[in-house]
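Report on the following structure.
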Amino acid sequence: MDNYPSLFYSRCMFVSVILDPSSMDSAKALASVLIHFRFKKVQRACWEHSSISKEMLVLLKKEIDRVTDYYDIVRLYQYPVQECLCLTELSKKRWKRCLLKGTALRPTEMR
């Protein structure tokens, strides 16, 4: 029973997806994938999901990879990932990832 809570609890994160498709066909395919994963369109090329699990994110990346071509660019902003903001980009059919970790300034320290 020690693993019981972990079976049902999966840490969720906020994910924003920015699209730069190379064609209308790519744009439609990407929009279809994001709608399937219950993302909401918040701007022309920006989609958001406020509580997606790590497992669903892996599936989303596989689907994005499947429907994109060499000239499409897709950027994901994920938070939290290892207590950091994570930028993940698909460009030229390659995924790249960058973790940003920093300390926030308190309102009195801001200038």
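The values are calculated or read from the model by the stated rules, or taken from the named source; none is laboratory data. What you are looking at is a predicted structure, and each value in this text was computed from that prediction instead of being measured. The area values use the complete protein model at the heavy-atom level, side chains included, leaving out ligands, DNA and RNA. Shrake-Rupley method; radii C 1.70, N 1.55, O 1.52, S 1.80 Å.
Counting heavy atoms of the protein chains alone, residue 36 has an accessible area of about 140 Å² for a 1.4 Å probe. Ordering 47, 95 by accessible surface, largest first, gives 95, 47; the 1.4 Å probe counts only protein heavy atoms, with every chain in place. Which entries of 40/92; 28/54; 62/92 have Cα-Cα distances beyond 23 Å here? The answer is 40/92; 28/54. The solvent-accessible area of residue 87, taken with every protein chain present and a 1.4 Å probe, is close to 40 Å². Ranked by solvent-accessible area (1.4 Å probe, protein heavy atoms only, all chains present), the residues 65, 20, 25, 72 order from largest to smallest as 25, 20, 65, 72.
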